[in-house]
1. Looking at Q23, Q67, can you tell me which residue is loosely packed, with under 10 Cβ neighbours inside 10 Å and either over 15 Å from the mean Cα position of the chain (by Cα) or modelled with pLDDT of 90 or more (or both)?
2. Let me confirm something: among L51, L60, L56, which residue is in contact (Cβ under 8 Å) with a residue 40 or more places away in the chain and either of a type outside the set (G, A, S) or under 29 Å from V5 (Cβ atoms) (or both)?
3. Return yes or no: is G53 on the phi > 0 side of the Ramachandran plot and either under 18 Å from the mean Cα position of the chain (by Cα) or open to solvent by less than 60 Å² (accessible area, probe 1.4 Å) (or both)?
4. Assess whether V32 counts as being β-branched (V, I, T), open to solvent by less than 70 Å² (accessible area, probe 1.4 Å) and out of contact with any Cys (no Cβ under 6 Å at 6 or more places or on another chain).
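The values are calculated or read from the model by the stated rules, or taken from the named source; none is laboratory data. All values derive from a computational prediction rather than experimental measurement. Cβ: placed from backbone, ideal geometry, glycine included. Neighbour counts: every protein chain shown. When the accessible area is computed, the model is the full protein with side chains, heavy atoms only, and any ligands, DNA or RNA have been set aside. Shrake-Rupley method; radii C 1.70, N 1.55, O 1.52, S 1.80 Å.
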Amino acid sequence: MRIWVELNAAGLAVHPYYVVTDQLIRKQRGAVSLALAHEVDRLEQSVIDLLGGNALHMVLRVGYARQEVVRSRRLPIGDVCELE
């Protein structure tokens, strides 16, 4: 969350992308459709190759907005959580 908020405060457009983590969680629960099982196995192996033993919790799409957007007013990050 801290990275998401900091990137957004720096003027970047940040959106969560849950497809990857959702499919990995479905695999853990045995809920992947048979039609996608091979693809999800490959996805899981790619994440293992990339992160080793670390867990993937969220993927963020980050970029610059094509046009200026109205940003909601937010509390300073220090008022919301402790930074280490």
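1. Values: Q23 fails: loosely packed, with under 10 Cβ neighbours inside 10 Å.
Q67 is the lone residue from the list that is loosely packed, with under 10 Cβ neighbours inside 10 Å and either over 15 Å from the mean Cα position of the chain (by Cα) or modelled with pLDDT of 90 or more (or both).
2. On the way: L51 fails: in contact (Cβ under 8 Å) with a residue 40 or more places away in the chain; L56 fails: in contact (Cβ under 8 Å) with a residue 40 or more places away in the chain.
Going through L51, L60, L56 in turn, just one is in contact (Cβ under 8 Å) with a residue 40 or more places away in the chain and either of a type outside the set (G, A, S) or under 29 Å from V5 (Cβ atoms) (or both): L60.
3. Numbers: on the phi > 0 side of the Ramachandran plot: no; either under 18 Å from the mean Cα position of the chain (by Cα) or open to solvent by less than 60 Å² (accessible area, probe 1.4 Å) (or both): yes.
It is false that G53 is on the phi > 0 side of the Ramachandran plot and either under 18 Å from the mean Cα position of the chain (by Cα) or open to solvent by less than 60 Å² (accessible area, probe 1.4 Å) (or both).
4. On the way: β-branched (V, I, T): yes; open to solvent by less than 70 Å² (accessible area, probe 1.4 Å): yes; out of contact with any Cys (no Cβ under 6 Å at 6 or more places or on another chain): yes.
So V32 passes the test.
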